[in-house]
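Working notes for the structure below.
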Amino acid sequence: MPSFIGWVPTPQECVEAFFELAPVYENDIVYDLGSGDGRLLIAAAQKGTRRAVGIELDPKRVAEAVEEVNKRGLRSKISFMHQDILNVDLSPATVVFCYLFPTASEALKPKFESELQTGTRVVMESFSIRGWEPEKTLERGGKWFYLYYMPPKPAVSLLHAG
């Protein structure tokens, strides 16, 4: 599968937007799809989440993220998978963070709908999921963030009669 986005790290000032929309708690299992250098997972672990999992296609980013996590002593809370996100079972997640192109949203939408449990929170950076109505949106640093709860509400479409 082609990469859904080249590595574009979420600016540090925007990291908190994910947690404003979906605060994490001790019992949460956070998945970051396209985890890059692991900054969202490190923040989630520092905020007290039980477990955080990064899924990343670029082996160089995985190696850098593992090194940073080890340096910070967070290896017991954070793990990484060097895999295609479409081949990973997302069902354990209670929170999913995602910053991928709209084509990724389209590809992931049926996967989210079939694998994520009721109540799982999904936060998308920059690109909404077409056909879903976000529970909440937030703008930070010129970027938009979208929160969805599973199962998602269908987007309201305005139909005009003739």
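We did not get these values from a lab; they are worked out from the coordinates using the rules stated. In this text, all values refer to a predicted model and were calculated from it rather than measured experimentally. Because the Cβ atoms are built from the backbone with ideal geometry, glycine has one as well, and the counts that use them run over all protein chains shown.
Relative contact order of the chain: what whole-number percent is it, with Cα pairs under 8 angstrom and at least 6 residues apart?
Values: 310 pairs, mean separation 34.4, N = 162.
Relative contact order, the chain: 21 percent.
As a quick test, which of the pairs LYS60/LYS136; LYS109/LYS136; LYS60/LYS153 have an alpha carbon distance above 28 angstrom in this structure?
LYS60/LYS136; LYS60/LYS153
Output the antiparallel fraction of DSSP beta bridges having both residues in the chain, as a percent to the nearest 5.
40
With +1 on the Cβ of every Lys and Arg and -1 on the Cβ of every Asp and Glu, and nothing else charged, how large is the dipole of the chain about its Cα centre, in debye rounded to the nearest 20? Let's see the in-between values first.
Values: 18 positive and 21 negative charges, 44 e Å.
The dipole of the chain has a size of about 220 debye.
Once the dipole of segment 10-162 is set up with Lys and Arg at +1 and Asp and Glu at -1 on Cβ about the Cα centre, which of GLY73, LEU86, TYR148 lies farthest towards its positive end?
Farthest towards the positive end: GLY73.
From the backbone phi of segment 41-56, what are the Karplus-calculated ³J(HN,Hα) couplings (6.51 cos²θ - 1.76 cosθ + 1.60, θ = phi - 60°) in whole Hz, Gly and Pro given as x?
Once rounded to whole Hz, the list reads 5, 4, 4, 4, 5, 5, 8, x, 5, 5, 8, 9, 10, x, 10, 9.
Once the Cα atoms of helix 102-115 and of the chain are each reduced to a long axis, what angle between those two axes, in degrees from 0 to 90 to the nearest 10, is obtained?
90
Among the aspartates and glutamates, select those whose C-alpha is under 14 Å from the C-alpha of LYS111, and discard any that sit fewer than 8 residues away in the same chain.
Once the sequence-local aspartates and glutamates are set aside, what remains near LYS111 is ASP84, ASP89.
Give me the base-10 log of I(q)/I(0) for the chain at each q in 0.16 Å⁻¹, Debye formula, one uniform scatterer per Cα, rounded to two decimals.
-0.86
Angle, helix 59-71 long axis vs. longest principal axis of the chain, Cα atoms, 0 to 90°, nearest 10?
Taking Cα atoms only, the helix is inclined about 60 degrees.
For helix 12-21, what angle does its Cα long axis make with the longest principal axis of the chain, in degrees from 0 to 90 and rounded to 10?
Tilt relative to the chain: about 60 degrees.
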